[in-house]
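Q: I have a structure I would like to understand better, so I am pasting it below and will then ask my questions one at a time.
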Amino acid sequence: MRTPRTARRVALLAAGTALTTLLTAAPAGAGTAALPTVTATSETAALYGDEAGGNADADDPAIWRNPADPDRSLVVATAKEGGLRVYDLDARLVQSLAAPKPPTPDDAPGRYNNVDLVTGLRTSEGRADVAVVSDRGNDRLRIYRIDPARPNGPLTDVTDPAAAPVFSADQAEINDQRTAYGLATWTDRATGRSYALVSRRERTRLTLLELLPAAHGKVGYRTIRTLDLPSSFRLPDGTRWSPCGEPGELPQVEGMVVDPATGTLYAGQEDIGIWRLRADLTGKPVLVDRTREYGVPGTYDEETEECVPGADPGYGGKRLSADVEGLTLYQERGGDGYLLASSQGDDTFALYDREVGEGNEYEGGFRVGAASGTLDGVQECDGAAVLNAPLGSRYPRGLLVVQDGHETPEVPDDEGGTRTATGFKFVDLGELVEAGDL
């Protein structure tokens, strides 16, 4: 039986937990400055997006729980051209997997964008836990089997070599890089079939791909259906609006997550807001919340390659600053929980009620601040993953992992500037919630 949210808040307040603070929205007009701040417990080594750093750029994490030994659970994270990184719970590097090389020197290289997990995927060699990755560079999915018996190399590539591009007809289209971008996995509880939902870069298209067993334990996929989200919107004054972007670029989706209990997909259209729709891509999408920038006209300046905003007509939301990025689901017992979204434009995180029946109402937010002079806060967050489950002695009440788009301290480059550095922050979920009330 579901505990009423008001009663749960009273219990939490009595327990003196931090979640009560997080779920109390800032006073009207106070802005994001009034949101509470939490700190990370550890961080990964910085990744550098230059040639010396292998063009590695931290983007999206996923948390894999080792059921036999939770202390040996893993964080799997994308590093774009740097491939895939696997970390232990102390944020130490366990394994590094390179992205595929381009077919020819003139073609786009492999570029790993987003990652999600499937537990107990059916393969020709039995059930397996796998990490599914969107390879934006090659417009394909990459699938990695997770084997805890191989402590120094737990991930093995099991992608079917016959796997076709997700959106492109040929290599020329792949090189245009309107390719596989955001990703979320979903296992349909009614059928047991597993899927990947993938968005297309610089387009509004979503596609549903079924993951399929292939020979020798490999995994392939096939397209089930596609859906296009809107690219222009009718405003309350009767005019139509499209967000400003480079010529030919449409408002893309990246952050996505599926609620496994209801088969509900949440998709973050970066300049627009958060959509709710069926994970099978049938039915009508509903816009749960809008960015502050929604409805603001803009003019693209070719010289600066930036959009110059016009006057704000006041049709936007109050909680999210573009881009809307990493979406992840905090699951509680009995169907309660929260949808967490990265509000990249103001370095905050927003929380929404998980229950569709309550309209996914906004429940508050927070930011991740600096813990010390060396353990900095989180800025311009791309991806996020939360797991509300015991992870051994290190995180007995669960873990939140978020990408940090601006690692400090800064490191100088050879040209008198600074190297672009990114990474991942680990936040103890026990500091945010009371374990006895979950």
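Read the figures in this text as sums done on the coordinates, not as results from a lab. Keep in mind it's a predicted model, so treat the numbers as computed, not measured.
Q: Using each residue's phi in segment 344-350, evaluate 6.51 cos²θ - 1.76 cosθ + 1.60 at θ = phi - 60° and report the 3J(HN,Hα) Karplus result to the nearest Hz, with x for Gly and Pro.
A: Per-residue couplings from phi come out as 5, x, 10, 6, 10, 10, 10 Hz.
Q: Taking H as built 1.01 Å from N, whose amide H comes closer than 5 Å to the amide H of V288, not counting residues under 5 places away?
A: It is I274, W275, R276, by chain and number.
Q: If amide hydrogens are placed 1.01 Å from N in the peptide plane, which non-local residues have theirs closer than 5 Å to the one on S42?
A: The answer is F426.
Q: Please list the radius of gyration and Dmax for segment 296-438, considering alpha-carbon atoms only, with Å as the unit.
A: My reading of the Cα-based Rg and Dmax gives 18.2, 57 Å.
Q: Still on this model: If you average the alpha carbon positions of segment 370-438 and of segment 226-297, how far apart do those two centres end up, in angstrom?
A: First find each Cα centre; the distance between them is then 27 Å.
Q: Which whole-Hz ³J(HN,Hα) couplings does segment 275-290 yield from phi under the Karplus relation 6.51 cos²θ - 1.76 cosθ + 1.60, θ = phi - 60°, glycine and proline marked x?
A: 9, 10, 7, 5, 5, 7, 6, 10, x, 9, x, 10, 7, 6, 8, 10
Q: Tell me, what is a quarter of the convex hull surface for the C-alpha atoms of segment 177-227, in nm² with one decimal?
A: For the Cα atoms of segment 177-227, the hull's average projected area reads 4.2 nm².
Q: Here is a further query. For R354, list long-range residues whose amide hydrogen, built 1.01 Å from N in the peptide plane, is under 5 Å from its own amide hydrogen.
A: Long-range HN contacts for R354: G337, Y338, L339.
Q: Under the Karplus relation 6.51 cos²θ - 1.76 cosθ + 1.60, θ = phi - 60°, what is the ordered set of whole-Hz ³J(HN,Hα) values for segment 37-51, x standing for Gly and Pro?
A: Running phi through 6.51 cos²θ - 1.76 cosθ + 1.60 with θ = phi - 60° gives 10, 10, 10, 7, 8, 7, 8, 6, 4, 4, 9, 10, x, 10, 4 Hz.
Q: If the elastic network links every pair of Cα atoms under 10 Å, which of T374, T422, T159 fluctuates the most in the Gaussian network model of the chain?
A: With Cα springs under 10 Å in the chain, the top fluctuation among T374, T422, T159 is at T374.
Q: For the chain, how big is Rg over Rh, using alpha carbon atoms and the Kirkwood form of Rh?
A: 0.94
Q: Right, here's the next one. Excluding residues on the same chain fewer than 8 positions from K80, give the lysines whose Cα lies under 20 Å from its Cα.
A: By straight Cα distance, K80 reaches K101, K425.
Q: Restricting to Cα atoms and excluding each atom paired with itself, what does the Kirkwood estimate give for segment 236-334 in Å?
A: Across segment 236-334, the inverse of the average 1/r is 14.9 Å.
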